[in-house]
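The values are calculated or read from the model by the stated rules, or taken from the named source; none is laboratory data. Quantities reported herein were computed from a predicted structural model and do not represent experimental measurements. All Cβ positions, glycine included, derive from the backbone under ideal geometry; neighbour counts span all protein chains shown.
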Amino acid sequence: MSAQQQRSARRLFAATILVGSFLLFLVQPMIARMALPRLGGAPNVWNSAMVVYQALLLGGYGYAHLLSRLPPRRQAAIHLALFALAALTLPVSLANLAPAVPGNEVWWVPLLLALSIGPVFIAVSAQAPLMQRWYALHPEAGQPWALYAASNLGSFGGLIAYPLLVEPWLSLRLQAVLWSAGYLVLLALIALCAKARRDFSAATGSMILHRAEPAAIPRSRIALWVLLAAVPSGLMLSTTTHLTTDIFAMPLLWVMPLGIYLLSFSVAFADWRAPARWVTAIAWLGMLTVGGMAMVSYGWMGLIPLICSVVLLFLVCTALHARLYDLRPAPEQLTTFYLAMSAGGALGGVFTALIAPLAFDWVWEYPLLILAAALLLPRGVLPEWHKVPGFEGPLQRTVLAGILVIGAVLLWQLYQANMYVDSRPYRWPMGAAAALLGLALVPWRWAVTAFLLGIMLAQGGYDTLVDSRAGLRTRSYFGIYTVREHPEDKLRTMLHGTTVHGEQSTDPLRRRTPLAYYGPGSGAGLVFGNARELLGPKARVGVLGLGTGTLACFAQGDQPWTIFEIDPAVLHLSRNGTFTYLDLCAPQAKVVLGDARLELAKMPRGGFDLLAIDAFSSDSVPMHLFTHEAFGVYLDALSEHGVMMVHISNNFIDLEPALSAELKARGLSAALRDDNPPAETDYWATSWVAVSRDPAQIERIKALDPDAPWRVLGKPAPNVWRDDYASFLPYVTWHNFLGMR
């Protein structure tokens with residue numbers, strides 16, 4: 001083969017791998033976005049989706065590994081036939097699977113996604129290792145590893161393209177059609193790659209097939225490959241959980257950690273090794289600073305921690321993947337290597353997305369993975385001061401003991417600084433000093449890992465352990481709920497993630513008093529408090545989202561109430577005496593477990609006179625509850641003169657334009673009330689929108705408090721949100737997001 005032919009072949013194989021990887025990681029957010037209306041919009045949906053993708057990727061790599069044992073022509077024939085057969089499942093769509101039983105979502109979500117895209121995902125995922133193997137078959141082809149770096153650039157391109165270009169401009173139906181067209185293009189490229197290798201002479205093919213087999217790979221080496229792949233995968237998913245729970249569940253934040261994870265491969269597997277070594281050296285400092293905050297459960301949130309956690313993810317992933325690259329086998333064992341990597345990725349995903357929510361009451365998987373990374377990070381990238389000539393034996397042990405003693409004292413001081421408000425300005429200098437001291441311990445892996453654990457405990461981890469031991473937290477598929485007592489204020493609060501979802505007074509005289517988002521001047525307080533006058537003494541009331549159950553204390557007389565709640569853990573907190581609004585104020589209320597939109601669709605038409613849309617996941621907005629189809633369900637359930645109250649308070653998304661467009665499209669009457677109570681009260685700033693088919697009802701609501709008027713909704717969005725087409729991106733309130741501290 002001439003040099004020109006070799007370059008052409010390399011470009012062909014690179015293009016095939018790039019297109020395949022682009023399609024593979026474009027379909028991931030696309031199918032998860034399709035699934036949101038069926039899955040309740042929980043942030044953990046993306047983690048469940050990632051477990052499916054990793055399992056299917058493992059299946060694809062296993063298939064490629066088995067196929068690579070056959071003669072090249074037979075490989076090509078089988079792969080092209082199966083690739084074409086999988087095309088019969090196109091265009092991409094969701095499988096027709098019965099809804100999940102409440103509490104079984106952790107297993108139902110992976111099953112739905114696997115049935116929906118399993119065949120095409122396995123077929124496409126096999127192309128990266130298989131094309132590299134085909135490329136390496138030619139004796140003059142050279143090393144194939146750089147093609148894997150190119151593969152991850154294609155994957156990153158697919159991920160970024162979805163939230164920035166595909167979702168904002170294309171409907172889901174058109175997305176599926178275009179992806180299917182891309183799949184056929186990939187099929188053609190694979191056929192060209194097969195033709196490029198089919199044209200070998202018989203002598204060349206014989207030489208390839210009779211190469212000497214490389215030495216067997218030790219099981220310990222394979223186990224290390226699996227571990228080096230599992231830890232970054234788990235860290236990527238745990239970082240995703242934070243972003244989508246405490247900000248909002250949208251593809252842009254879904255793909256950010258995964259994109260960083262993929263970029264780390266491009267650095268770690270590049271032929272130029274210097275960047276990987278630099279990143280690895282910095283990774284140790286990142287572990288001892290940002291990683292030292294991994295056990296903080298409250299008080300460390302906002303933009304800076306978010307950026308720090310994402311940077312740490314990149315550093316750790318690159319460092320561990322660089323070590324993985326340094327341990328790579330001969331090209332003949334390429335598919336075994338990738339199979340072990342894929343198995344590690346799947347194990348990390350299973351641990352983080354499936355096991356951890358069931359085993360832990362908090363995100364303990366995150367600090368555990370950080371500590372595991374400390375046990376695996378390469379050490380030789382930092383100056384090896386302990387190997388200075390003459391610095392051995394007793395002297396070295398004495399210095400090490402001195403460092404540990406100084407470290408223990410420093411950690412105690414750091415713990416004290418975190419306990420007392422007056423000492424908190426000293427936290428950062430002492431934390432930096434602890435990190436620098438920890439760098440001196442890197443040559444002793446056990447010592448630096450133990451010291452990192454000490455930093456975690458000193459900087460809030462001990463308090464997190466105490467909270468777990470006290471049983472303050474409840475974890476479910478849908479989130480982590482923390483109940484805190486505030487004796488000085490006689491309050492009990494519930495946090496979902498880091499967002500307070502409600503509170504109740506512990507004073508017996510005020511236990512029935514609605515607080516937080518439901519004050520007397522809020523839109524909800526005014527309408528629910530005057531429901532008898534507005535809608536009659538037996539108004540039928542429905543509430544989407546239980547929270548602490550505060551709205552139940554607006555129940556009057558024998559009003560029939562129905563509350564829809566997706567998470568059994570939240571209902572348990574209202575039934576076990578933690579929050580007593582529901583039992584004290586509306587014991588007759590019917591509670592329906594399941595996704596509110598899906599369950600409400602089963603109710604009789606016109607069955608509610610007053611309906612509250614008040615379902616949030618931490619500060620994240622379930623998009624499927626704000627689409628055109630969702631409001632169709634709400635209006636079907638609402639009586640002719642009924643009123644719907646929509647809660648749109650949010651730190652990061654301006655829901656007003658999308659809601660305004662929906663109300664305009666349906667010709668509904670509405671008014672918005674922004675309530676900003678004094679800071680010294682137990683009430684919080686809120687924005688509630690009253691909606692009705694009957695304009696007279698809205699006028700009566702406005703007259704309830706003429707001194708603090710309701711207002712007309714602002715300019716509507718250009719397009720109505722639909723299940724098939726919607727995007728949060730144009731409505732992100734960037735000034736709030738960038739202003740987080």
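Here's the yes/no breakdown for (1) under 27 Å from residue 475 (Cβ atoms); (2) modelled with pLDDT of 75 or more:
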position: 25; (1), (2): no, yes
position: 30; (1), (2): no, yes
position: 74; (1), (2): no, yes
position: 89; (1), (2): no, yes
position: 94; (1), (2): no, yes
position: 99; (1), (2): yes, no
position: 104; (1), (2): yes, no
position: 113; (1), (2): yes, yes
position: 118; (1), (2): no, yes
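Would you confirm, using the coordinates I've provided, whether residue 494 is closer than 16 Å to residue 366 by Cβ, modelled with pLDDT of 90 or more, surrounded by 18 or more Cβ atoms within 10 Å (Cβ to Cβ) and within 25 Å of the chain's Cα centre (by Cα)? I'd like the intermediate steps shown before the answer.
Working: closer than 16 Å to residue 366 by Cβ: no; modelled with pLDDT of 90 or more: yes; surrounded by 18 or more Cβ atoms within 10 Å (Cβ to Cβ): yes; within 25 Å of the chain's Cα centre (by Cα): yes.
It is false that residue 494 is closer than 16 Å to residue 366 by Cβ, modelled with pLDDT of 90 or more, surrounded by 18 or more Cβ atoms within 10 Å (Cβ to Cβ) and within 25 Å of the chain's Cα centre (by Cα).
Condition first: farther than 24 Å from residue 572 by Cα and acidic (Asp, Glu). Now tell me which residues in the range 500-553 satisfy that.
533
Somewhere in the range 533-552, is a residue charged (D, E, K, R), over 28 Å from the mean Cα position of the chain (by Cα) and assigned to a helix (DSSP H, G or I)?
Filtering the range 533-552 for residues charged (D, E, K, R) gives 533, 538, 540.
Filter once more, so that each one left must be over 28 Å from the mean Cα position of the chain (by Cα): 533, 538, 540.
Right, trim to assigned to a helix (DSSP H, G or I) and you get 533.
Within the range 533-552, one or more residues are charged (D, E, K, R), over 28 Å from the mean Cα position of the chain (by Cα) and assigned to a helix (DSSP H, G or I).
Out of curiosity, is residue 711 basic (Lys, Arg), under 30 Å from residue 503 (Cα atoms), buried (at least 23 other Cβ atoms within 10 Å of the Cβ) and assigned by TED's automatic domain parsing to the domain that holds residue 733? If you could, list the steps in order and put the result at the bottom.
Numbers: basic (Lys, Arg): yes; under 30 Å from residue 503 (Cα atoms): yes; buried (at least 23 other Cβ atoms within 10 Å of the Cβ): no; assigned by TED's automatic domain parsing to the domain that holds residue 733: yes.
No, not satisfied.
How many residues does the range 536-549 contain that are at negative phi, touching an Asp or Glu at 6+ places or on another chain (Cβ under 8 Å) and surrounded by 24 or more Cβ atoms within 10 Å (Cβ to Cβ)?
Of the residues in the range 536-549, 5 are at negative phi, touching an Asp or Glu at 6+ places or on another chain (Cβ under 8 Å) and surrounded by 24 or more Cβ atoms within 10 Å (Cβ to Cβ).
Scan the range 584-596 and give yes if some residue there is in a helix (DSSP H, G or I) and within 19 Å of residue 643 (Cβ to Cβ), otherwise no.
Pass one, the range 584-596, residues in a helix (DSSP H, G or I): 584-585, 596.
Narrowing the set further to residues that are within 19 Å of residue 643 (Cβ to Cβ) leaves 596.
Yes, there is a match, as at least one residue in the range 584-596 is in a helix (DSSP H, G or I) and within 19 Å of residue 643 (Cβ to Cβ).
For the range 119-140, which residues satisfy the criterion of being in contact with a Leu (Cβ under 6 Å, 6 or more places away or on another chain) and of a type outside the set (D, E, K, R)? I'd like the intermediate steps shown before the answer.
As a first pass, look at the range 119-140 and keep what is in contact with a Leu (Cβ under 6 Å, 6 or more places away or on another chain): 121-122, 124-125, 132-133.
121, 122, 124, 125, 132, listed by residue number.
Determine, yes or no, whether residue 409 is modelled with pLDDT of 80 or more and more than 30 Å from residue 60 (Cβ to Cβ).
Values: modelled with pLDDT of 80 or more: yes; more than 30 Å from residue 60 (Cβ to Cβ): yes.
Against the criterion (modelled with pLDDT of 80 or more and more than 30 Å from residue 60 (Cβ to Cβ)), residue 409 qualifies.
Let me confirm something: among 367, 329, which residue is at pLDDT 80 or above, crowded, with 19+ Cβ neighbours inside 10 Å and either closer than 19 Å to residue 448 by Cα or out of contact with any Asp or Glu (no Cβ under 9 Å at 6 or more places or on another chain) (or both)? Please lay out each step first, then the result.
Numbers: 329 fails: crowded, with 19+ Cβ neighbours inside 10 Å.
Just a single option satisfies the conditions, and that option is 367.
Looking at the range 611-627, can you tell me whether even one residue there is acidic (Asp, Glu) and either surrounded by fewer than 19 Cβ atoms within 10 Å (Cβ to Cβ) or part of a strand (DSSP E or B) (or both)? Even if it seems obvious, please write down each step before you answer.
Residues of the range 611-627 acidic (Asp, Glu): 614, 619.
Narrowing further to those that are either surrounded by fewer than 19 Cβ atoms within 10 Å (Cβ to Cβ) or part of a strand (DSSP E or B) (or both): none.
No - not one qualifying residue is present in the range 611-627.
When you scan the range 311-318, do you find a residue that is over 23 Å from residue 256 (Cβ atoms), surrounded by 17 or more Cβ atoms within 10 Å (Cβ to Cβ) and not hydrophobic (A, V, I, L, M, F, W, C), even just one?
So the first thing to find is which residues in the range 311-318 are over 23 Å from residue 256 (Cβ atoms), and the list is none.
Scanning the range 311-318 turns up no residue that is over 23 Å from residue 256 (Cβ atoms), surrounded by 17 or more Cβ atoms within 10 Å (Cβ to Cβ) and not hydrophobic (A, V, I, L, M, F, W, C).
Return the residues of the range 63-73 that are over 11 Å from residue 194 (Cβ atoms) and part of a helix (DSSP H, G or I); say none if nothing qualifies. Break it down into steps so the answer makes sense when it comes.
Start the filter on the range 63-73 by keeping residues that are over 11 Å from residue 194 (Cβ atoms), which leaves 63-71.
If the condition is that a residue be over 11 Å from residue 194 (Cβ atoms) and part of a helix (DSSP H, G or I), then 63, 64, 65, 66, 67 are the ones that fit.
Are there any pairs with C-beta distances below 8 angstrom linking a residue in the range 54-77 that is within 12 Å of residue 334 (Cα to Cα) to a residue that is outside any helix (DSSP H, G or I) and not basic (Lys, Arg), with the two at least 6 apart or on different chains, and if so which?
Listed pairs, sorted by first residue: 61/126; 64/126.
Across the range 556-597, what is the number of residues that are surrounded by fewer than 20 Cβ atoms within 10 Å (Cβ to Cβ), within 15 Å of residue 476 (Cβ to Cβ) and either of a type in the set (A, V, I, L, M) or in contact with a Leu (Cβ under 9 Å, 6 or more places away or on another chain) (or both)?
5
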